[in-house]
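The values are calculated or read from the model by the stated rules, or taken from the named source; none is laboratory data. None of these values were measured; they are calculated from a predicted model. All Cβ positions, glycine included, derive from the backbone under ideal geometry; neighbour counts span all protein chains shown.
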Amino acid sequence: MNNSIFEMVTSGIKEGSFFPQIQSCVLPIFLQEFKGYTLFYAPGTLIATDAYQSEKMIIDLKKNNVQSIFAKQIRNKAEMAKRRFDLQHQIPPFNPYCLTLYTSSDCNLNCSYCYSGKRDYKNKVDLNLESIRKGAEIVAAACQKASIPMSVVFHGGGEPLIDPHLPEILACVEEIAINYALQISSYVATNGVISEETANWAADHIDQFGLSCDGYPDIQDQQRPGKNGEKSSLFVERTAAILNKKGKKFSIRATITEETYLQIPEIIKYCCGKLFAKEIYLEPIFSGLNQKTDNGFSVNDAANFCSQFLKGKELAIENGATVEFCGSRMNEIHGRYCQVFRHVLQLIPGGDISACFKTSGKNTAKFDERLIGRNQEGDWNWDHLFETGKKLSIDDPSCYQCFNRFHCARGCPDICPLTGGPDHGSFRCLMNKIMTGYSLLETADEFLLPMISDHQIVGMEI
Ligand code: SF4
Ligand code: SF4
C-alpha cells in the first residue's frame, strides 16, 4: 500500500475536497490536483494533464461542442455512465434473468451475526417445487426473449446444501432451461459445513461456489459455530479441499467484524495458504434487521478498515489471488444491491418474492415492504413492485455530486431507503469512497504520471 497516496485520499475526503465535479459542467466529470498535475475522471476513464492542458480541457468541457479528443472521450464516458445508471434504476420493466432461491430456512450453524433473525430450528419453512417451477418458467422466458443464458443461485437464509430437496430442485430448474433451449449456470452460497458426500455431489453438479469462511480457525469457530457450539473450520477446510481437487471455481466470502478487521492480512494468508482460494471477498458485517442491530463499526473505523484491506490485497496478489469487496466495484456501473435493479427473481421459503437479499424468510420480511408478491399463486403485486422500485431508486441528495456515485452501493445493506437514514457520511459511504479514491490515485501514479512529461496530456480506460 502506498501510504502517502492513502493519506492524500483520506484527508481529501475528510475535507470534502476530493474529486469535486467540475463546476458548470452538466456531466459527471470530476477533477483532482495530484502531484503537480490535474486528473480528470469519469467512470471508465482517467486523464492526467499538465497545467496548460488542464485549463484548455476545462474550457473545452464546458462547451456544447467539444474540440479535443480527450474531452470528447471523457464526455462520452460520463454520458454513458449516467445513461446506464438511470436505465438500471428504471422500473418498469422488470425482466428477471436470474432465479435466486432461498430453498429452506434450515441451517446447521449458529453464526453470531446471522441476519436471518433468531434461529428457529424446529419450525423450518421450505420453498415448494411448484413455486420454484413457476419462478424458473418466468426467468427462462425472460432469458429466451433476451437471448441470454439463465442462471440459478442457491442462497443462504438457511444452508442450501443441507436441503435434501436440492438435487430435485436443481434438476427441475435445469429441465426448464433445456425446454427453453437455454444454457444454464448454477451458483451456491454455502457455509461449507457439509458431509464429504454432499461436497462431492455439489462439486459434480454445481458450477460455482461462494464459500463462507470468516478466517483462520480461531475466528471461524467463534463467529460461525455449529448449532451446539461445534467447531466449523475443519469442515470448511475439507469442503475447500474437495472443490480444489475437483477443479471447481469458488470464492471465499469472509464477514469482517469490529473484532477481526485488524486481522485482515492474517485472514488472507489463511485463505490463500490453507484453503488455496483464488478469489476472496471481504464484507464488513452488516447491521441486523430493521437497522436495530448495529454492525459495531463507526465512521472512524473506515480508514483503518480500508488500510487493512489494502494490505490484505497485496498479500493476496503475492499469492496469485484477488481480494475484493462489493460496496464499490469500479468495473461495473452499479448502485444498491436491490434484486429489482439486478433483474433477479428471489423466492424465499413460503413462496414469497423478495426485493432484497437480506429478506430471507417470513421473520425477516415482516418488518418491511420488501415482499413484492407471492409466486406460488401467480400473484405478482406489480404495483407494489414498481412502487418499491421507485422508493429504492431514490438517492440521498448528498450523493448527487459524488465522484463515486456510479460505483457505490451507498449505505446498503445497513441503510435502506425503505427504512430511512442518510447514506452519505456513513461507515460504508466512507469505505466506498476511500477504496475508489485510492484506486484512482494509485492508477494515475503508476501508469499516467510516468508518461506525462512527454505528452502534457495522457489518458487511459479504467
Ligand atoms: S437498499 Fe434496501 S432493499 Fe435494497 S438491497 Fe439494500 S437493504 Fe435491501
Ligand atoms: S454513499 Fe456513495 S455515492 Fe453517496 S456520497 Fe457516499 S460514496 Fe458517494
Exercise. Can you confirm whether segment 154-177 contains a residue that is more than 27 Å from LEU275 (Cα to Cα), in the same structural domain as ILE252 (by TED's automatic domain parsing) and assigned to a loop (DSSP other than H, G, I, E, B)?
Key: yes
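Suppose the filter is within 19 Å of the chain's Cα centre (by Cα) and not in a strand (DSSP E or B); does ALA303 pass it? Walk me through it before giving the result.
Numbers: within 19 Å of the chain's Cα centre (by Cα): no; not in a strand (DSSP E or B): yes.
It is false that ALA303 is within 19 Å of the chain's Cα centre (by Cα) and not in a strand (DSSP E or B).
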Practice problem: Would you confirm whether any residue within segment 194-205 is touching a strand residue (DSSP E or B) at 6+ places or on another chain (Cβ under 7 Å) and not in a helix (DSSP H, G or I)? | Solution: no
Quiz item: Across segment 154-199, what is the total count of residues that are at pLDDT 95 or above and touching a Gly at 6+ places or on another chain (Cβ under 9 Å)?
Solution: 9
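Just the residues that are closer than 21 Å to ILE462 by Cα, more than 9 Å from ligand 1 (Cβ to nearest atom) and in a loop (DSSP other than H, G, I, E, B), please, taken from segment 329-346. Walk me through how you get there before you give the answer.
Restricting attention to segment 329-346, the residues satisfying the condition of being closer than 21 Å to ILE462 by Cα are 329-335.
Pick out the ones that are also more than 9 Å from ligand 1 (Cβ to nearest atom) and you get 329-334.
Listed by number, the residues that qualify are ARG329, MET330, ASN331, GLU332, ILE333.
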Self-check item: Failed item in (1) modelled with pLDDT of 90 or more; (2) more than 16 Å from ligand 2 (Cβ to nearest atom); (3) not assigned by TED's automatic domain parsing to the domain that holds ARG253, with ARG342 passing the rest
Solution: (3)
Practice problem: Sort out for me the helices (runs of 4 or more DSSP H) sitting completely within segment 373-462 that have 3 or more residues that are crowded, with 20+ Cβ neighbours inside 10 Å, under 22 Å from the mean Cα position of the chain (by Cα) and in contact (Cβ under 8 Å) with a residue 60 or more places away in the chain. | Solution: 427-443
Exercise. For CYS326, state whether it is in contact with a Leu (Cβ under 6 Å, 6 or more places away or on another chain), hydrophobic (A, V, I, L, M, F, W, C) and assigned to a loop (DSSP other than H, G, I, E, B).
Key: no
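Taking the residues in segment 405-462 that are of a type in the set (D, E, K, R) and within 16 Å of ligand 1 (Cβ to nearest atom) as candidates, determine which candidate is farthest from PHE341 (Cα to Cα). Talk me through it step by step, then tell me what you get.
To start, the set of residues in segment 405-462 that are of a type in the set (D, E, K, R) comprises 405, 410, 414, 423, 428, 433, 442, 445-446, 454, 461.
Checking which are within 16 Å of ligand 1 (Cβ to nearest atom) leaves us with 405, 410, 414, 423, 428.
Working: ARG405: 16, ARG410: 14, ASP414: 18, ASP423: 18, ARG428: 20 Å.
Filtering segment 405-462 for residues that are of a type in the set (D, E, K, R) and within 16 Å of ligand 1 (Cβ to nearest atom), the one farthest from PHE341 (Cα to Cα) comes out as ARG428.
Could you please find all residues in segment 393-412 being among the hydrophobic types (A, V, I, L, M, F, W, C) and either out of contact with any Cys (no Cβ under 8 Å at 6 or more places or on another chain) or near ligand 2 (Cβ under 6 Å from one of its atoms) (or both)? It would help to see each step written out before you state the result.
Looking only at segment 393-412, we keep the residues that are among the hydrophobic types (A, V, I, L, M, F, W, C), and these are 394, 399, 402-403, 406, 408-409, 412.
Matches in segment 393-412: ILE394, CYS399, CYS402, PHE403, PHE406, CYS408.
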Quiz item: Of the residues VAL152, VAL188, VAL193, which single one is without any contact (Cβ under 8 Å) to a residue 40 or more places away in the chain and crowded, with 21+ Cβ neighbours inside 10 Å?
Solution: VAL188
Exercise. Could you grab me the full set of residues in segment 103-124 that are buried (at least 18 other Cβ atoms within 10 Å of the Cβ), in a loop (DSSP other than H, G, I, E, B) and at pLDDT below 85?
Key: SER105, TYR115, SER116, GLY117
Quiz item: In segment 71-85, what count of residues is obtained for those that are crowded, with 21+ Cβ neighbours inside 10 Å and out of contact with any Phe, Trp or Tyr (no Cβ under 7 Å at 6 or more places or on another chain)?
Solution: 3
Quiz item: Going through segment 414-462 one residue at a time, which ones are in contact with an Asp or Glu (Cβ under 6 Å, 6 or more places away or on another chain) and on the phi > 0 side of the Ramachandran plot?
Solution: GLN456
Exercise. For residues that are more than 10 Å from ligand 1 (Cβ to nearest atom) and among the basic types (Lys, Arg), scanning just segment 365-392, find the one that is modelled with the highest pLDDT.
Key: LYS390
